[in-house]
1. Can you tell me the order of 127-137, 293-303, 87-97 when each peptide is scored by its average per-residue count of other Cβ atoms within 10 angstrom, highest first?
2. Counting C-alpha atoms alone, how compact is region 277-423: give Rg to one decimal and Dmax as a whole number, in angstrom.
3. Just to confirm the number: angle between the C-alpha axis of helix 140-149 and the first principal axis of the chain, 0 to 90 degrees, nearest 10?
4. What are the aspartates and glutamates whose alpha-carbon lies under 17 Å from the alpha-carbon of LYS317, with same-chain residues fewer than 8 places away excluded?
5. Over the Cα atoms of the chain, what radius of gyration and what Dmax do you get, in Å?
6. Take LYS355, LYS193, LYS12 and order them by how many other Cβ atoms sit within 10 Å, fewest up front.
7. Near LYS232, which aspartates and glutamates are there with a Cα under 17 Å away, not counting those fewer than 8 places off in the same chain?
8. Of GLY357, GLY221, GLY348, which is the most mobile in a GNM of the chain whose springs link Cα atoms less than 10 angstrom apart?
Amino acid sequence: MGMTLSEKILAKASGNKTVSPGDIVMAKIETAMAHDITGPLTVNTLKNEGIDKVWDNEKIVILFDHQIPADSITAAENHILMRKFVKEQNIKNFYDIREGVCHQVLPEKGHVLPGTVLVGADSHTCTHGAFGAFATGIGSTDMAAVFATGELWFKVPETLYFNITGELKPYVMSKDVILHIIGEVGFDGATYKAAQYGGETVKNMTIASRMTMSNMAIEMGAKTGIIEPDEKTINYVKTAMEKHGTTRPFEPLKADEDAEYEEVFEIEVNDLEPVFACPHAVDNVKQAREVAGRPIDQVFIGSCTNGRLEDLRAAIKVIEEHGGIADDIRVVVTPASREVMLAAIEEGIIQKFYKYGCVVTNPSCSACMGALYGILGPGEVGVSTSNRNFRGREGSLDSEVYLASPITAAACAVKGELIDPRDL
Ligand SMILES: CC(C)[C@H](C(=O)O)[C@@H](O)C(=O)O
Ligand code: SF4
């Protein structure tokens, strides 16, 4: 019996010829990432365990993105602790407050290698499945074990295959596809499974659009959201490595022809419409027209889900075409990384956001987690391009968040209320 892509990667990383779902394997980790919120607990765990040397100072990535620049004394203390650790351990890949969101920065700097196992102390580490890596989020104390040994045990997950076919209509983005899928399978529909996305629609997607799909795999409980690497993937990875001098050898893997999937979902997107994930659950997905008309207070365009250049481009296009945003609306725009910010400045996108009265912040997690900027107050309603809308996620427990694509979010900013972008 053949193996799925995730099984192939886990077999290779654990030195086994074959593995099957349910097997417990000890896998070698190629890249391990911790950020400013999860890193301190990892570092303190290492200290408490008396471990004074990490396994490999070139495979660890430390990055600040959640509270940058430090927004409290506690955040500043966490930063100090982590900077000290980086110096002591001579960690080669350290990104201080200037780079942006971990899941955008990691691939941009060439730290994501197809065919390998990547772990991050952050739940959206599944994003890197878009590059054909078995990438998954782990806890801070597990990360301490990885920092110490370079290995971690996994139960080999079953794979759910999403065969996505058809052509997306204008105004429909990959965000609508993944929200639609999560609406179908539910927030726990893929718990501890590997979600694999394939089919012609995925093939035709940009890397950025694929990352949006992989990013949200955890929102249906999946360990990873993996996509078979193709030419686009390899080009992206090689270019990123060359640009940043991070070149490491890697071998992209593919699923066997006779791989066995626990379930295959046929997703046909020709008729897919713009959607919202409505409060307070990511799987509470409704067609935009069903909920249109509700007044909103804020729109957030950013995050590791949709803060990339193509997202900013799509959003500003809508705003520009309709002459600006509604008078009484707040729009917070956060490019996902410094590279995205620089490219957006070069294209004149940032100037345009400012011209229309949007507030552009530094690359960071920003409003996504309700901790840094753009916190919603009691009774307020926000539209967000991020990945979670749990009660209180972007601020007050009495606020509400609708998740949407950048095109739909921008249309809402123009109208000042929930709207299907085709109806603007
Ligand atoms: C702070 C961090 C642990 C958290 C996560 O792991 O997901 C955050 O990134 C989030 O999106 O809620
Ligand atoms: S942008 Fe949001 S979802 Fe992504 S890592 Fe930051 S807080 Fe988590």
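1. Highest mean packing first, the order is 127-137, 293-303, 87-97.
2. 13.6, 39
3. 40 degrees
4. Partners found: GLU346, GLU347, ASP420, ASP423.
5. In Å, with Rg to one decimal and Dmax whole: 20.5, 62.
6. Fewest to most other Cβ atoms nearby, the residues stand as LYS355, LYS12, LYS193.
7. Cα-Cα hits under 17 Å: GLU108, GLU200, GLU242, GLU251, GLU310.
8. With Cα springs under 10 Å in the chain, the top fluctuation among GLY357, GLY221, GLY348 is at GLY348.
No lab work stands behind these numbers, since they all come straight from the coordinates. Predicted model, so just to flag it, every value in this text is computed and none were measured. Note: ideal-geometry Cβ built from the backbone for every residue, glycine included; neighbour counts use all protein chains shown.
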